[in-house]
Every structure is written in structure tokens, then in C-alpha cells.
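Novice: I have a structure I would like to understand better, so I am pasting it below and will then ask my questions one at a time.
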Amino acid sequence: MKKRWITLVSVALVSSLMLPVGSLAQLKPVKAALTSKVVLDNLPYFVGLKMGFFKEVGIDLQPSYFRGGGEVVRGITSRATDIAGSISPAGVMIAISKGEPIKIVSAGCAPLVGVYWVVKSDSPLKSVKDLKGKKVGFSSPGSVTHTVIQAILKAEGLEKDTQIVRVGSPGDSWAAVRNGVVDAGWHVSPAVFPLVAKKEARVIIKASDYIKHYQQSVVAAMEDVIKKDPEMIRNFLKARAKAVKFIYDNPEKTASIWAKELKLPVEATQLAYKDIPRGFFETGAPAMQNLKGSMDEAMGAGLKEPLDLDKIVDLRFLPSR
Amino acid sequence: MFVNHQTKIRFGQIGFLLLLLIAMEFVVRAGLVSVLILSSPSTIVLKIWEDIRGAELWEGLQTTAMEFFVAFLISLCAGVVCGIIFFRFGLLRSAVEPLLLAFYAAPTVLLYPVFLTLFGLGSAAVVGVAVVIGSIPIMVNISVGLSGVEPIFIKLGRSLKATPWQMLSRILLPAATPTIFTGLRLGFTYTLVSVIAVEFIIFSGGLGKMVSWRYFIFDTEGIFSGIVFITLIAGSINSFLNWMENLIRKRWT
């Protein structure tokens, strides 16, 4: 009997030494809710996954892409995902006002970059002023494109004369423009560049020309998830920050990863890369001025009263801390 | 005290509904379910009152009602004409019916991009999809109902030298009433569901757009308020169809 036990323990010890090291330190699966895959905000996650930055911190990142707007928020409030990696702060604010215990844990992207409105290249519409009496597409109610197009039309005095129409994803939006369902539809970098290069589409509005103080996206999580696993939040932000640094230090490799992920020609992503200003991908606290800009837009999309912005953030896990 | 069976059923229905509402109120107030998923009946009632006093509901209702009635009328006409043609020409019916039934079983509402391209963004696209979906059960049931009339009735009509119109109006249609009304009910249900669904997807207007907007801005009590109104509309029209069917049965039997 004693001999049998000694044999069993010896076999177990030898077997464990033969296992690959990684098997002993299992990666923690982390489901991340992200906005529509083609949106620029997701680039750090493509890079982080490809370069193994999330694995380095023990995270097996499992992205789930949503249609944007309130859909990403529902991705975390339904507990289907653990963290929202690219979420509209306006959507977060509306959910918080309804009593959902969400906290913003990091800035995502700001200001507004990579969002455009396009027309067919032979369209007579040349500028936003030509949109009077026309139909303009946005993605979904409560989304960045919804709040931004309303702000742009208001700035030009066109909010009563121009009809905004829900068109869905960039692909659906372009189909709506091509088929005449809308006169101008939203699109994003880099996917828009091949259309422009082939002279099928023409950019009529560059959102960043109009909106200066705007938090395009943030990273957020439910309070109970933060409480239960603060290390996951810290490691997630650490890996994301490493990916952001890589993006700025390695343009060629970044463009290549981006192109492969979105199945686009690398020339398109190289062009789109040049359009990204330094500091677009943020890894610190969201600027209050930008959050206030997002809150102003949220007031027009379901937020009934302003929120105390200091109370909706939890910045303990930022990489700089 | 003697309580008859019908009254017992009524009490049971009311009791079940009350229990459900109390349970909903409890789970929401106790925080067992997120307010983004379910609202308490008390807040839904307040929202219903707010909607009745506001403009959004009535504007949406006007659009949806117009789209539904136009779509149902077209579905009815198309369904009756095609149903009678299929009955009259059995070979055509044999050839087309299996395709129609296959089409009927498919998620036809996904054809909405075709109608968007054909008619643009607006009520015409909504009506187009609803007609395609709503007319099929009407035409199929009319053709099946007419084909299933007892041969003895047809022999009687022929022996009395009934004209084709008399045959149809005095013998075939009355005899096929139960099956035809089943088709009408299905056509009505699918037309209404299609109208609301397409409004929800394409955000063109009506109650569907209202519910869609409220979904995206997390107005959960607003969503349920919209659902209550849609249910009331569906229930009212169903009751009307019931009344019509009873009237026609009394007249023809």
C-alpha cells in the first residue's frame, strides 16, 4: 500500500514537471464588450491580441462586438461581458441615470476622430449646408453618430430641415447611400478610404472639424465586477496601455495588423493611420471637459438630468497609478 | 353560492394577472432584476398615463394604424383574389402552394432591404413587407377552405342551377367560413406584427419606431407602455374579427 502511494505521488510530480509552464498559470478569460468592429476605437485590442499583451498579464481576451450605442452598454449590464473596452460615455451616463451601477475606469478615445459622413462621388451635395431638406444616416439611437450628427446640424441651423435616419453599421449606411435611402451616410476610418480611393464615395463631413471637446469612448465596468476582480481591471488597462504605445511607436506593423483584422488593403489602413492624431488613444483619466461635452449630447438622447461626473468614474486602476 | 364555470375562468384569469403584476413589482423593487430589463407595473402605469397625455404616442399610433389598415386591406384583396384563383385552377394551386408555404415559413421580414430600395425609407416599405407576409395565410386558407367544402353542397348548388356568383356567395363562402376566418386572423396578426417589426428595424415612424427609440435610450417603462398599447390594439381588432365572424355565421347558418 505504502509503495503504491509513493509510486502515485512520484508519477504525479514527474508529470507536472513535464507540462508546459503556461498550463500551470491558466489565462483568465475576460469577455470584453466592444463597439462595431470597424470603428477606430478597437485598434488597441486588435494590436493587444496580436502582440500578446493581454496574455502577458494573464488575460485571455474574448472580444464581443456590438452594434454600438446602447448595445454595448447592455453588453455589460446584462453581465454577458466583464468589461466594456470601447463604449460611448453618453450611453453609460444614460444607464447610470437609470440606476445601473457602472463606473468609467479609463478614458478610451478623444476627441472625435475617424467618423465621417459620405455621399456618392457624383452627388451634387458638396458641404453640410447642402443637407438642407435631405436625409442623413446615423448608426443607432443614443450612439456617437446620433448625438454628433444632431450637434453638427444644430451648429449649422439645419436641425429642423434635415431628417436623420437610422441606418445601422457602416456597411448598411453605405448601402443606404448607394440605394438613395439617405443622401449622406456615416462611415469610419479606415473602411471609408477604399471607397474614396475608388471614387465611389466622397467625404462631406469630417466630424472632428465640428466637435472639439468630446469623449468618443471610454472603458467601463460594473461596480460589482470591479469590486470582485480589481486586478483584472488593472491588468486590462495595463495591456491596453501597452498596445496604445505600440500603435504610436510602430506605424507599419500597426497598419498591417489593422488591415488583416478588418480584411482591408494595407494601403487603406496606412492612410487611415496618418489621420490619427497623437493622443487620440488615451490611457489616463478622461478630461472632464470632454466628458461634459458627451453629457451635453446625452441630454438630447435620454439623459434627463446632469450627472456629477466625479461620481461616475473610478480611476484607481489606471496604468499610471 | 353557485359560481358558473365561465365566472370561475374569469376569476382565474384576473387572479393570475394580478399575481404576475405583484411578482413583477416585487422583483423590480427588490433589485432582483435590472431596471434596464424590466420595469415595475406601477412605473409602467405612470408612463402609460404620461403617453396618453403626450403627443408621441398618438403620432406613432396614427402612422402605425394607417400602415396596418392599408397593408391589411391590400393583403385581404390580394389574398381573396389569389385564393379564389387557386381554388378555381387546381393545377396552379398545386404548383404554387408549396412555394408559398415555404416562403411563409421563412423570416420574410428580412426582405425589408429590398423594399427599402424599391420604395425608400417610409411607410411604403413597411406596407410592402406587411402585404407580402399578411396575404399568404389569407390566400392559402381561402383556397383550402373552398376546396374543402362538402361535395354534397356543390351538387346541391348545381342541381339548383346556381350561377358561379351564387355558388360562391351562397354555398362555398358560407361553408368555408371557419377556415377563411382562420386565414383572416392569421393575416391580421402577421400584418400587424410585420408593420411593428419593420418600423422597429428601419426606424421609419409609428409605434415600432417609438419602442425602438425607447429601447436604445434605456426607457424600459416606455418600452412596456408601447407594448401595452400595441397589445390593446391587437386585442381590439381581434375582438372585432370575432364579432364579425359570429355575425356572418348567424346570417349564413
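Novice: Output the number of residues of the range B:32-57 satisfying the condition of being among the acidic types (Asp, Glu) and open to solvent by 100 Å² or more (accessible area, probe 1.4 Å).
Specialist: Going through the range B:32-57 one residue at a time, the tally reaches 1.
Novice: Still on this structure: Out of B:ARG10, B:ARG29, report the one residue that is out of contact with any helix residue (DSSP H, G or I) (no Cβ under 7 Å at 6 or more places or on another chain), within 14 Å of chain A (Cβ to nearest Cβ), surrounded by fewer than 15 Cβ atoms within 10 Å (Cβ to Cβ) and basic (Lys, Arg).
Specialist: B:ARG29
Novice: Do we have B:LEU116 as touching a residue at least 60 places away in the same chain (Cβ under 8 Å), within 14 Å of chain A (Cβ to nearest Cβ) and part of a helix (DSSP H, G or I) here?
Specialist: yes
Novice: Filter the range A:167-192 for residues that are surrounded by 23 or more Cβ atoms within 10 Å (Cβ to Cβ), touching a Ser or Thr at 6+ places or on another chain (Cβ under 8 Å), in contact (Cβ under 8 Å) with a residue 40 or more places away in the chain and not in a strand (DSSP E or B) and give the result.
Specialist: Result: A:PRO170, A:VAL181, A:VAL182, A:ASP183, A:PRO190.
Novice: For the range B:167-184, check the following and say yes or no: at least one residue is without any contact (Cβ under 8 Å) to a residue 40 or more places away in the chain, within 14 Å of chain A (Cβ to nearest Cβ) and open to solvent by 30 Å² or more (accessible area, probe 1.4 Å).
Specialist: No, that holds for no residue.
Novice: Within the range A:301-321, work out how many residues are open to solvent by 50 Å² or more (accessible area, probe 1.4 Å) and touching a residue at least 24 places away in the same chain (Cβ under 8 Å).
Specialist: The number of residues fulfilling the criteria is 5.
Novice: Check B:LEU121, B:LEU91, B:LEU99, B:LEU111 and return the single one that is of a type outside the set (Val, Ile, Thr) and in contact with a strand residue (DSSP E or B) (Cβ under 9 Å, 6 or more places away or on another chain).
Specialist: B:LEU121
Novice: Here's something else I'd like to know. Starting from the range B:193-218, keep only residues that are at the interface with chain A (Cβ under 9 Å from one of its Cβ atoms), then list their pairs with residues that are of a type in the set (Val, Ile, Thr) and assigned to a helix (DSSP H, G or I) whose Cβ atoms are within a distance under 7 Å, requiring at least 6 positions of separation or different chains.
Specialist: B:SER204/B:VAL126; B:ARG214/B:ILE223; B:TYR215/B:ILE223; B:ILE217/A:ILE94; B:PHE218/A:ILE94
Novice: Quick one: would you say A:ILE164 is at pLDDT below 95 and in a helix (DSSP H, G or I)?
Specialist: For A:ILE164, the condition - at pLDDT below 95 and in a helix (DSSP H, G or I) - is not met.
Novice: Within the range B:86-97, is there a residue that is under 30 Å from B:PHE200 (Cα atoms), open to solvent by 40 Å² or more (accessible area, probe 1.4 Å), modelled with pLDDT under 95 and not basic (Lys, Arg)?
Specialist: No.
Novice: Restricting attention to the range A:199-212, report how many residues are at pLDDT 90 or above and not small (Gly, Ala, Ser).
Specialist: Looking only at that region, the number is 7.
Novice: Turning to a different aspect of this structure: Just wondering, is there one or more residues in the range A:51-66 that are over 21 Å from A:GLY99 (Cβ atoms), hydroxyl-bearing (Ser, Thr, Tyr), free of Cβ contacts under 8 Å to residues at least 60 places away in the same chain and surrounded by 18 or more Cβ atoms within 10 Å (Cβ to Cβ)?
Specialist: So far as the range A:51-66 goes, yes, one or more of its residues are over 21 Å from A:GLY99 (Cβ atoms), hydroxyl-bearing (Ser, Thr, Tyr), free of Cβ contacts under 8 Å to residues at least 60 places away in the same chain and surrounded by 18 or more Cβ atoms within 10 Å (Cβ to Cβ).
Novice: Any idea which residue in the range A:100-144 is farthest from A:ASP172 (Cα to Cα), counting only those that are in a loop (DSSP other than H, G, I, E, B), within 14 Å of chain B (Cβ to nearest Cβ) and under 28 Å from the mean Cα position of the chain (by Cα)?
Specialist: The qualifying residue farthest from A:ASP172 (Cα to Cα) is A:PRO101.
One line per residue, one yes/no per condition, for (1) under 21 Å from A:ARG74 (Cα atoms); (2) assigned to a loop (DSSP other than H, G, I, E, B); (3) at pLDDT 85 or above; (4) not polar (S, T, N, Q):
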position: B:THR7; (1), (2), (3), (4): no, no, yes, no
position: B:GLY12; (1), (2), (3), (4): no, no, yes, yes
position: B:GLU25; (1), (2), (3), (4): no, no, yes, yes
position: B:LEU32; (1), (2), (3), (4): yes, yes, yes, yes
position: B:LEU38; (1), (2), (3), (4): yes, yes, yes, yes
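The values are calculated or read from the model by the stated rules, or taken from the named source; none is laboratory data. Just so you know, these numbers come straight off a predicted model, no measurement behind them. Because the Cβ atoms are built from the backbone with ideal geometry, glycine has one as well, and the counts that use them run over all protein chains shown. Only protein heavy atoms, including side chains, enter the accessible area calculation; ligands, DNA and RNA are left aside. Shrake-Rupley method; radii C 1.70, N 1.55, O 1.52, S 1.80 Å.
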